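**Q** So that we are looking at the same thing, I have put the structure below in structure tokens.
The values are calculated or read from the model by the stated rules, or taken from the named source; none is laboratory data. Just so we're clear, the structure is a prediction, and the values are computed from it rather than from any experiment. Backbone-built Cβ (ideal geometry, glycine too); neighbour counts: all protein chains shown. Only protein heavy atoms, including side chains, enter the accessible area calculation; ligands, DNA and RNA are left aside. Shrake-Rupley method; radii C 1.70, N 1.55, O 1.52, S 1.80 Å.
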Amino acid sequence: MSLVEMINVSKGFKGINIFEDLNITFEKEEIYGIVGPNGSGKSVLFKIICGFIFPDSGVIKINGNEMNLKNRFPTNFGIIIDRPGYLEDKSGYENLEYLALIRKKIGKDEIKTAMERVGLDPNLKTKVKNYSLGMKQKLALCQAIMEDQDVLLLDEPFNALDKSSVENIRSLLLDLHKQNKTIFITSHNQMDIDLLCTKVYEIDNQKLKLIV
Ligand SMILES: Nc1ncnc2c1ncn2[C@@H]1O[C@H](COP(=O)(O)OP(=O)(O)OP(=O)(O)O)[C@@H](O)[C@H]1O
């Protein structure tokens, strides 16, 4: 069964179409790259897939189940879209601990392990308001992966990361792919796309065109 099916999906804002009659399926266990110019609709696509916004028309199915108001947010998705809201006066660890309470799936050890995997020190007491941009990006990555999510929707996951952090996160994503995760990434860096993605779609004329 396909992971994501988008059937005749259209979405626009204020009369401007972003997607028109999009028909596409995404399968499990791929690393999908979504590319396209600024404003072409990459983030909007991710927001539709994870139920943050609804299309104007069309149907989205996740693992065969149609999304609707009652069945909206797919479980087991790890997501980075826009900058997540944090409790600015708490440390990174405290923020993740708070987020982990929502699903109660993981405890302290898993949070600490995930922080180390993305290159954050779990014992660091620095408040998130004093984090650098790169540290905030690692925190966002951490919340996306820490519950062993099956599907990752990562909008610009390499933003603000230094060279060695980029390499670390690339190898983390390749490891997760080996563990049968499905990953969607957007990036304006062609090297990230070339090194990681098993399939690449470009947003072209309100549709997705397979280019690799
Ligand atoms: N909530 C909204 N209200 C109005 N317009 C929106 C909204 N969300 C997105 N848009 C518009 O939809 C278009 C696509 O936006 P989106 O953020 O998906 O682009 P993108 O491809 O991710 O761009 P970038 O490469 O700059 O990140 C843009 O023109 C944007 O202004």
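**Q** Using the basic label-point model (7 angstrom from Cα toward the beta carbon), what is the residue 194 to residue 109 distance in nanometres?
**A** Here the modelled spin labels are 4.2 nm apart.
**Q** When only Cα pairs under 8 Å and 6 or more residues apart are kept, what is the percent relative contact order across segment 85-212?
**A** Here the relative contact order equals 20 percent.
**Q** For residue 24, what accessible surface area do you get with a 1.4 Å probe? Give it in Å², rounded to 10.
**A** Answer for residue 24: close to 20 Å² accessible.
**Q** Please report the orientation-averaged projected area of segment 145-212, defined via the convex hull of its C-alpha atoms, in nm².
**A** It is 5.1 nm².
**Q** Given C-alpha coordinates of segment 86-205, what is the ratio Rg to Rh with the Kirkwood estimate of Rh?
**A** 0.98
**Q** Find, among the trypsin sites (Lys or Arg not before Pro) in segment 1-39, those assigned to loop by DSSP (not H, G, I, E, B) with at most 11 other beta-carbon atoms within 10 angstrom. Let's see the in-between values first.
**A** Details: sites: 11, 14, 28; in loops: 14, 28.
Those that pass, being in a loop and sparsely packed, are 14.
**Q** If I take every Cα pair under 8 Å that is 6 or more residues apart in segment 1-129, average their sequence separation and divide by the length, what percent do I get for the relative contact order? Write down the numbers at each step before the final one.
**A** Working: 160 pairs, mean separation 28.9, N = 129.
The normalised contact order for segment 1-129 reaches 22 percent.
**Q** Can you figure out the FRET efficiency of residue 126 with residue 171, using R₀ = 30 Å and their beta-carbon distance, to the nearest 0.05? Spell out each step's value before the answer.
**A** Numbers: r = 25 Å, r/R0 = 0.85.
E(calc), rounded to 0.05, equals 0.75.
**Q** A follow-up question, please. Going by Cα centres, segment 32-87 and segment 148-210 are how many Å apart?
**A** 16
**Q** Could you give each residue of segment 183-192 its phi-based ³J(HN,Hα) in whole Hz, using Karplus coefficients 6.51, -1.76, 1.60 with θ = phi - 60°, and x for Gly or Pro?
**A** Here the 3J(HN,Hα) series is 10, 10, 10, 10, 7, 8, 9, 4, 5, 4 Hz.
**Q** Ignoring ligands and nucleic acids, what accessible area does residue 188 show with a 1.4 Å probe (Å², nearest 10)?
**A** Here the residue's solvent-accessible area equals roughly 110 Å².
**Q** Grab the beta carbon distance between residue 209 and residue 25, set R0 = 22 Å, and tell me the FRET efficiency rounded to 0.05.
**A** Once rounded, the FRET efficiency stands at 0.90.
**Q** Which GluC sites (Glu not before Pro) from segment 36-135 combine a DSSP loop assignment with at most 12 other Cβ atoms within 10 Å?
**A** Here the sparse-neighbourhood loop sites are 88.
**Q** Separate question: Quick one, what does Rg over Rh come out to for segment 1-47 if you take C-alpha atoms and the Kirkwood Rh?
**A** Radius of gyration relative to Kirkwood radius: 0.99.
**Q** Report, for the chain, the % of DSSP beta bridges that are antiparallel, rounded to 5.
**A** 55
**Q** If you build a Gaussian network model of the chain, linking Cα atoms that sit under 10 Å apart, which residue out of 23, 159, 130 swings the most?
**A** Fluctuation is largest for 130.
**Q** What number comes out for the charge environment of residue 128, summing +1 per Lys or Arg and -1 per Asp or Glu over other residues with Cβ under 13 Å away?
**A** Neighbour charge sum, excluding residue 128 itself: +3.
**Q** Net charge near residue 151: determine it from the other residues with C-beta under 12 Å of the C-beta of residue 151, scoring Lys and Arg +1 and Asp and Glu -1.
**A** Taking every Cβ under 12 Å from that of residue 151, the sum is -4.
**Q** Okay, next question. Determine the per residue accessible area of the chain with all protein chains present and a 1.4 angstrom probe, expressed in square angstrom.
**A** Numbers: 10750 Å² over 212 residues.
Accessible area per residue: 51 Å².
**Q** Based on the Cα gyration tensor of segment 116-180, what are the three equivalent ellipsoid semi-axes, each the root of five times an eigenvalue, rounded to whole Å and given largest first?
**A** In descending order, the three semi-axes are 20, 13, 11 Å.
**Q** Using a Gaussian network model on the chain with a 10 Å cutoff between Cα atoms, which of 90, 138, 105 fluctuates the most?
**A** Result: 105 has the largest fluctuation of those listed.
**Q** Another question, then. Translational D (Stokes-Einstein, µm²/s) of the chain at 25 °C and 0.890 mPa s when Rh comes from the Kirkwood sum over C-alpha pairs?
**A** It diffuses with D of about 138 µm²/s by this estimate.
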